[in-house]
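This report concerns only the one structure given below.
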Amino acid sequence: MKKFTLVSLLLFVSFITINAQATFIQNIKARNIQNLDGRWHYIVDPYETGFVGFLGKKADENGLSGFFENKQQESKSELVEYDFSKSPTLNVPGDWNSQDERLLFYEGTVWYQHDFDVQIKPGKRYFLNFGAVNYEAYVSVNGKKAGTHKGGFTPFEFEVTNLLHNGNNSIVIKVNDTRKKENVPTTNFDWWNYGGITRDVVLAEMSQNFIRDYKIQLAKNDLKTIKGYLQLDQPQVEQVSVNIPEAGLQMKLTTDAAGKASFTLPVKKLNYWTPEHPRLYDVSINTSTDSVHDQIGFRTIEVRGKDILLNGKPVFLRGISLHEENPMIPGRPRSKSDLRMLLQWAKELNCNFVRLAHYPYNEYMSHLADEMGLLLWEEVPVYWTIDWENPATYEVAGQQLTELITRDKNRASVIIWSVGNETPINDAREKFMEGLANHAHTMDSTRLVSAALLVFNKDSTTIELNDKLGNSLDVVSFNEYYGWYGGGLPREIGKFHFQIDFNKPVIISELGAGALGGFHADADTRFSEEYQEAFYQNQIKLVSTIDNLRGMTPWILVDFRSPKRMNPTYQNYWNRKGLITETGKKKKAFFVLKAFYDEKEKQYK
Ligand code: GCU
């Protein structure tokens, strides 16, 4: 593999702009869709026998036969060494690790196959949309390649109008979740590498020219103007109407020759969206051949000096970090109610903010947060030791950010785009992440950009944040574990103070300690609930000394699976820093943090 140098990366980052176009239709779930979820056949193929010939040639590039053909034996003497129709099935959506115990630790290739019926209507176009497939997907329909996608947490889509038959159709997907240096995330991370088709698969039936994309939000820092645009799929001049009836707003406009129309709407009367009052408005966009409905909340979010302002008022972000995992399975959430359970727990902690660590979550999550009244931090998995000097890595990181922002840009709950977590301070990394931060600002000027940074000991009692990347961020956030990963015992961390060289709002994006639920001992005993409780009591005192502290998302709401946690007594492949156990039981520290948030809520009333 060609050795990339810092120079090649600097060249790349400075001259190459990240692709700002995503492949998928905005708000696909509100379109005319056929849901393809259900039981899909699967074949575990650790050696990629279904794709690579014995001499290493890739089947689809060399006209060789591969499992994507979904071949059936037609004569008794014909040799076919696989048969999807007789193979076992898995739930889609769902990860394979939690559905077949042989696959708990499995990383590699699994083939999926599913039959579905379509009544093709003349003049209609058909799009196959995936909420997410971890990590690499090779999709074929009726034996023909539809497309490929890299990245395990964002949507992608292919037009399959020319691949479909009337009646029965077959889809075959090769999924590979092997961890690779050049991937995002890379090879080392502290969560379970759940593989598979982890979110919904739908087939959308669209008119020839349809509303492909739109954004409707309040203008930047302006409570009096709704600003937006819409983009048709085809470059065509068309009459369009935008309606927000409950706000008494209607507008007729005409797209330009590129099929795009931008607009501003002066606000008459709006109930601005807040966590306490998550008011959503019915919004519809109509053309002569297409219409789409959405439920949108209107709020502004900005920084002013050390403050974060929501609708112009200072806010304290009473938060918690999450992983996208239903601990009861344990596995990737398989339904809205799985996601709602996680947000409901955050509400019980009196949170108004949630950090969706470390990768984009199911689209439903931001819709639920809009509805339930929770502000969101959304992140791309630029995590730990990414291959900073590799332009292909930069490209896939940028693509994931584009896909995340494109998908969730109409969600009032989303206030912060995070471009990464705990990344080492060096020039290549700085260029890489500055490039991502600039891209986020370019794609969406109405939200804040941040990242979870690292702090270091300046001396025996000074915790210093002086990461230059902070200059490219609106909010400086950092992770610190004094009282767990160093700094002595919880009762000893009072000796520390912070030195933060930024006149910006600060969010503590992680602090936390492990505790095995139900294990009780004195506060100096690791993994006891009392140790975790003391950790939170002392940490809350410590971080409250930070003058520009405007939020925190402790690590973490609920225990989660990790192949990096192997202590057989306390962990057993669980990261135990949850405030809630995997069975849903609240630990002592849960109530320490809740009491602190009850206080903060009063303070910011
Ligand atoms: C890190 C990291 C998390 C990890 C946590 C931990 O800060 O960001 O992903 O799980 O620490 O060590 O528990």
Legend entry - Average accessible surface area per residue within the chain, 1.4 Å rolling probe, Å²: 39 Å²
Inset, instruction - Against the globular-protein guess of 2.2 N^0.38 Å, express the Cα radius of gyration of the range 187-301 as a ratio, rounded to two decimals. - result: 1.32
Legend entry - Peptides ranked, highest mean first, by Cβ atoms within 10 Å: ranges 343-356, 87-100: 343-356, 87-100
Inset, instruction - Please give the peptides 75-81, 505-511 ranked by average Cβ packing (other Cβ atoms within 10 Å per residue), highest first, as a rough proxy for protection. - result: 505-511, 75-81
Inset, instruction - Calculate the spin-label point distance for LYS76 paired with ASN567, positioning each point 7 Å from the Cα along the beta-carbon direction, and give it in nanometres. - result: 6.4 nm
Legend entry - Cα lying deepest toward the dipole's positive end in the range 457-565, options GLY514, ASN479, ILE546, charges on Cβ: ASN479
Legend entry - THR289-LYS602 FRET efficiency (beta carbon distance; Förster radius 60 Å; 0.05 resolution): 0.65
Legend entry - Amide hydrogen neighbours beyond the local backbone of VAL558, cut-off 5 Å, H modeled: HIS323, LEU579, ILE580
Inset, instruction - Would you work out which of ASN35, GLN217, THR402 lies farthest towards the positive end of the dipole of the chain? Charges go on Cβ: Lys and Arg +1, Asp and Glu -1. - result: GLN217
Legend entry - Stretchable slack from LYS268 to THR545, in nm (0.36 nm times residue separation minus alpha-carbon distance): 95.5 nm
Legend entry - Protein accessible area in the chain, 1.4 Å probe - carbon and sulfur %: 52 percent
Inset, instruction - Choose one of GLN499, ASN421, TRP96: the residue whose Cα lies farthest towards the positive end of the charge dipole of the chain (beta-carbon charges +1 Lys, Arg; -1 Asp, Glu; about the Cα centre). - result: GLN499
Legend entry - Cα pair count fraction exceeding 48 Å, expressed as % - the chain: 13 percent
Inset, instruction - Translational diffusion coefficient, Stokes-Einstein: compute it for the range 327-417 using the Kirkwood radius over C-alpha pairs as Rh, at 37 °C and 0.692 mPa s, and state it as an integer in µm² s⁻¹. - result: 231 µm²/s
Inset, instruction - Calculate the length of the line joining the C-alpha centroid of the range 344-421 to that of the range 466-533, in whole Å. - result: 22 Å
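The values are calculated or read from the model by the stated rules, or taken from the named source; none is laboratory data. Keep in mind that this is a model prediction, so the values were computed, not measured. Backbone-built Cβ (ideal geometry, glycine too); neighbour counts: all protein chains shown. Just the protein is used for accessible areas: all its heavy atoms, side chains included, with ligands, DNA and RNA removed. Shrake-Rupley method; radii C 1.70, N 1.55, O 1.52, S 1.80 Å.
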